[in-house]
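Contents: one structure, followed by commentary.
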Amino acid sequence: MSNKDKETSKRQVRKEQIRRKEQSSRLLGIGLISIGALVFAFLIIWPNFKPISGITTIEPNARPQAEANHMGDPDAPIKIVEFSDYQCPFCERFYKNTEPLLVEAYITTGKVYFTYRSTGNWVSDNIRGGKTESEDAAKAAYCAGDQNMYWEMHDMIFANVLGEDVDSFTDRRLSDIANKTGLDMTLFNECYSSNKYDDQVFQDGKEALEAGVTGTPSFIMTYTVNGEEKTALIEGAQPFEVFQKQIDAALAEMGQ
């Protein structure tokens, strides 16, 4: 073999080595891209298939003259609006310990008309951002209200809080809670997926801020004396005695 032929052979060998190296690099790149795509797809799909933490089923509290997120006589002399948050432990404490006593003493007797409004995870300037678990829970409760089961869903949501922003109220978990509450799931899913109550939940937070609410739970009590509307703000998960004092004082001021 001549020197020229040997040189040509070496060049061919080098070209083949370069070709194989480039091919290996391309295959490695394709493999890494494929693995990345699979990981990304897993992260997107997994939340829809991972097991749901067990749902606790409870017997809901009795609510007189319940309608949507209200209870009691609409013509009652005193109106109380609670601004709450389904992930707030103090709100849960009020619901469990104080609210039943208010129902027995003042709501059942026609003295107080009570409304629950969930502020979600509202912020100081009340700018709409990404959805939060609290907001989704509030929308789910409003959807249950379309089936006259607002308060049943309200109680079931509070019974199934796992902690703050730890997937207590994912879409799938809220759907399971709704199912265990006894809702018509076709109607519930249509309502929830349509974002029917987005504006209502936003408005709840906006009006809480306008009323001077800075934390949950907070309660706005209104009543009228000689044609003048009066307002009182009760802040925090106060014991029944605090509400009793405020309500009795208002009733006395109205001559009742």
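Of note:
- Taking the centroid of alpha carbons for each part, segment 48-118 and segment 195-229 are 15 Å apart.
- For Thr56 and Asn97, a Förster radius of 22 Å and the Cβ-Cβ distance give a FRET efficiency of 0.75, rounded to the nearest 0.05.
- P(r), alpha carbons of segment 70-253 - 5 Å bins starting at zero, rounded %: 1, 8, 17, 20, 20, 16, 11, 5, 2, 1, 0
- Nearest-0.05 FRET efficiency for Thr214 and Lys245, computed from C-beta distance (R0 25 Å): 0.70
- Our estimate of slack between Asp184 and Gln203, defined as 0.36 nm per intervening residue step minus the Cα-Cα distance, is 4.2 nm.
- Hydrodynamic radius (Kirkwood) for segment 201-256, which is based on Cα pairs only, to one decimal in Å: 12.5
Read the figures in this text as sums done on the coordinates, not as results from a lab. Bear in mind the structure is a predicted one, so any value in this text is a computation, not a measurement. As a convention, Cβ positions derive from the backbone with ideal geometry for all residues, glycine included, and neighbour counts pool all protein chains shown.
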